[in-house]
Amino acid sequence: MRLREQRLINTERVEAIPAWLARARGNATARRLAQSDWLLRRKSDGRFLAAIDGDALQPLDPATMTPHGGISDALRAVARGFGVEVELDEHALPYAALAIPDDYGDAHQLRSVAEPAELAYAGRDRYQRPLWLLAPAARAWLRMREAARPDGVLLDAISGYRSHAYQFGIFSRKLARGLTVDEILSVNAAPGYSEHHSGCAIDIGTPGEPPAEESFENTPAFAWLAARAGEFGFEMSYPRDNPHGITYEPWHFRYSRP
Ligand SMILES: [Zn+2]
């Protein structure tokens, strides 16, 4: 039996995830993925581009197989077995179009956050999507979740690693709905500045509780985390009146043990 891959391999525009973890929307794609090792997925919108079966590239979406789409970079990364760290490119055209204030980072005491070259599978999130975290954070999260269970506390993950491109997509969709940049920045970090890019941040929930609501602070799960998360290397990033001007987020924790 082949060892099942449990890593996300990152490149500039495309990410490779193990095919067995991907959920296909159609039967033909599902059959193709069942015979493949890796799925190449476009980071900006999650679109399935191609599957890799051994050395063979199997297009899943011929329309997106453009020479400059980043597929060959991803193919090379999978072949050599490691990806690349991705720094934020604020000079990229789509980024400039967002009209994020130039002093955004300074004003919020936030620095741009690079995406890791590789992320580890940390089980499924609340929505049954694969949860990706930096390897030590993934191990710590799984240990913490297990430690809470005997205390009658069920922890689930709402969101872990997010790419710059994904955060960019959140912005673009909200702008298209008519929100202003200021309104969006009051609840979402600017693309490139979210702790979620690091693979060390995780939004935690508990069954029956809506995701990412302040009411989470009144749950037994939050009380458990307040008492125990530190033992596992996690701390709350955005307490009340934090210096970043980010609203209180009792659900957002960061793995900070080196
Ligand atoms: Zn968060």
Next on the checklist: Treating only the Cβ of Lys, Arg, Asp and Glu as charged (+1, +1, -1, -1), what charge dipole size does the chain show about its Cα centre? Round to the nearest 20 debye.
Outcome noted: 1220
Item to check | Shape of the range 163-213, Cα gyration tensor, a/c cut at 1.5 | outcome: oblate
Item to check | Spin-label model distance (nm) - GLU183 vs ASP102, 7 Å beyond Cα toward Cβ | outcome: 2.7
Item to check | Spacing of the two label points (7 Å from each Cα toward its C-beta) at MET65 and SER256, in nm | outcome: 4.8
Checklist entry - To the nearest 0.05, how large is the calculated FRET efficiency for ASP45 and GLN109 if R₀ is 35 Å and r is the Cβ-Cβ distance? => result 0.70
Checklist entry - Considering the Cα trace of the range 41-105, what is its radius of gyration and what is Dmax, both in angstroms? => result 15.2, 47
Checklist entry - Between the range 177-220 and the range 48-75, how many Å separate their Cα centres? => result 32
Checklist entry - How many times 2.2 N^0.38 Å is the alpha carbon radius of gyration of the chain? => result 1.04
Checklist entry - Over the Cα atoms of the range 1-99, what is the Rg over Rh ratio if Rh follows Kirkwood? => result 1.00
Checklist entry - In whole Hz, what ³J(HN,Hα) sequence does the range 41-50 give by Karplus (6.51, -1.76, 1.60; θ = phi - 60°), x for Gly and Pro? => result 10, 6, 6, 5, 9, x, 5, 6, 9, 7
Checklist outcome for this item: Everything considered on the Cα gyration tensor (a ≥ b ≥ c; rounded for a/c under 1.5, else prolate if a/b is larger than b/c, else oblate), the range 27-174 must be described as oblate
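Read-outs throughout are calculated quantities, based only on the coordinates presented, and are distinct from any laboratory measurement. Please read all numbers here as calculations on a predicted model, not as lab measurements. Cβ: placed from backbone, ideal geometry, glycine included. Neighbour counts: every protein chain shown.
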